[in-house]
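Input: a single structure, listed below in structure tokens.
The values are calculated or read from the model by the stated rules, or taken from the named source; none is laboratory data. Since the structure is predicted, the reported quantities are computational estimates derived from the model, not experimental observations. Positions of Cβ are generated from backbone atoms using ideal geometry, with glycine treated the same way; all protein chains shown enter the neighbour counts. Each accessible area value is taken on the protein alone, full model and side chains, heavy atoms only, with ligands, DNA and RNA left out. Shrake-Rupley method; radii C 1.70, N 1.55, O 1.52, S 1.80 Å.
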Amino acid sequence: MPPPRISQSLTAQLSRMTISSSRPRVLAPSARTFATTSHRLNWLAPKAGESCKSRKGRCRVPTGGSMRGTTVIWGDYGLRMRDHDRRISANQLRIAEETIKKRLRGMKFRMYMRIAANIGVYTSGNDVRMGKGKGSFDHWASRVSVSKVIFEVKGDLHEQVVRDAFRLAGNKLPGLYEFVKKGDPPKMGITKVGVNGVTVEDLKRPRVKLPLETTAARLPSASP
């Protein structure tokens with residue numbers, strides 16, 4: 001059986017075909033596409049760890065008229081510490097965060113964390129003798145000063161629902177906490193500024209001398 005004949009038009013088309021060595025451009029694996037949002041970091045552990053072991057330390061006490069971190073900034077409602085400074089572990093903060101999200105499940109909201117667990121806690125065993133170094137890493141913690149706002153919530157939520165969520169979260173954390181709203185007066189230490197006529201100048205003024213001290217200052221000094 002003779003082979004099939006190929007038409008002249010098909011032969012002309014095959015002759016005009018060329019094979020190109022160019023390949024489609026592929027981005028390198030390390031190339032990152034443009035994005036306006038940054039990567040979400042873990043607020044319960046630092047990104048790079050610690051270069052040296054952290055000291056136990058003490059919580060920062062706001063002095064000199066500092067009221068930083070005592071008011072709600074981004075959200076509508078907040079949870080603020082009201083007794084005294086404490087060191088809260090990352091596990092306790094995680095449980096409080098899950099408690100709030102569980103109470104507000106099904107609602108549209110956004111939660112902000114105002115603190116971060118970036119302090120390493122190192123411990124030794126109970127049967128280890130004194131000395132022999134600081135110990136091994138145990139967990140991450142955060143130093144929370146008095147009147148510091150820990151959580152903030154923003155969304156189309158009823159105030160009583162948020163109060164209940166913060167109440168449940170405060171029961172999971174060590175210490176005493178209070179519910180605050182956006183626009184509430186700040187606190188200097190444990191005193192609210194702007195309530196009952198209390199101003200920053202009144203809190204920063206020197207201590208008023210008692211009548212007995214004023215009388216003692218007028219008395220002549222005893223000569224030897």
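From largest accessible area down, sort Asp85, Asp164; use a 1.4 Å probe on the protein chains. Show your work: numbers first, answer last.
On the way: Asp85 60, Asp164 40 Å².
Output order, biggest surface exposure first: Asp85, Asp164.
Kindly report, to the nearest 10 Å², the accessible surface of Leu219 as traced by a 1.4 Å probe over protein heavy atoms only.
Leu219 has an accessible surface of roughly 110 Å² with all protein chains in place.
Taking the Cα centre of segment 77-184 as origin, work out the dipole magnitude from +1 charges on Lys and Arg Cβ and -1 charges on Asp and Glu Cβ, in debye rounded to 20. The partial results should precede the final answer.
Numbers: 23 positive and 12 negative charges, 33 e Å.
My answer is approximately 160 debye.
Grab the other residues whose beta carbon is less than 12 angstrom from that of Ala96, score K and R as +1, D and E as -1, and report the net. Each step should come with its number before you reach the end.
On the way: positive: Arg94, Lys101, Lys102, Arg103, Arg167, Lys172; negative: Glu97, Glu98.
Its environment carries a net charge of +4.
How much accessible surface area, in Å² rounded to 10, belongs to the heavy atoms of His158 with a 1.4 Å probe?
120 Å²
Which shape class applies to segment 44-165: rounded if a/c is under 1.5, otherwise prolate when a/b exceeds b/c and oblate if not, where a ≥ b ≥ c are the square roots of the Cα gyration tensor eigenvalues? Kindly include the intermediate steps, with their values, before the conclusion.
On the way: a/c = 2.65, a/b = 1.78, b/c = 1.49.
Judged from the Cα gyration tensor, segment 44-165 comes out prolate (a/c at least 1.5, a/b above b/c).
Accessible area, 1.4 Å probe, largest first: how do Leu14, Leu93 sort? It would help to have the intermediate numbers written out before the result.
Details: Leu14 100, Leu93 0 Å².
Result of the area sort, largest leading: Leu14, Leu93.
Report, in whole Å, the centroid distance computed from the Cα atoms of segment 76-105 and segment 128-182.
Using only Cα atoms, the two centres lie 4 Å from each other.
Specify which residue in the list Val153, Tyr122, Leu79 is farthest towards the positive end of the charge dipole of segment 77-184, using unit charges on the beta carbon of Lys, Arg (+1) and Asp, Glu (-1), about the Cα centre.
Val153
Compute, for Phe109, the solvent-accessible surface of its heavy atoms (probe 1.4 Å) with the complete set of protein chains present, and express it in square angstrom to the nearest 10.
60 Å²
Excluding residues fewer than 8 places away in the same chain, name every one of the lysines whose C-alpha is closer than 25 Å to that of Lys192.
Lys148, Lys154, Lys181, Lys182, Lys204, Lys209
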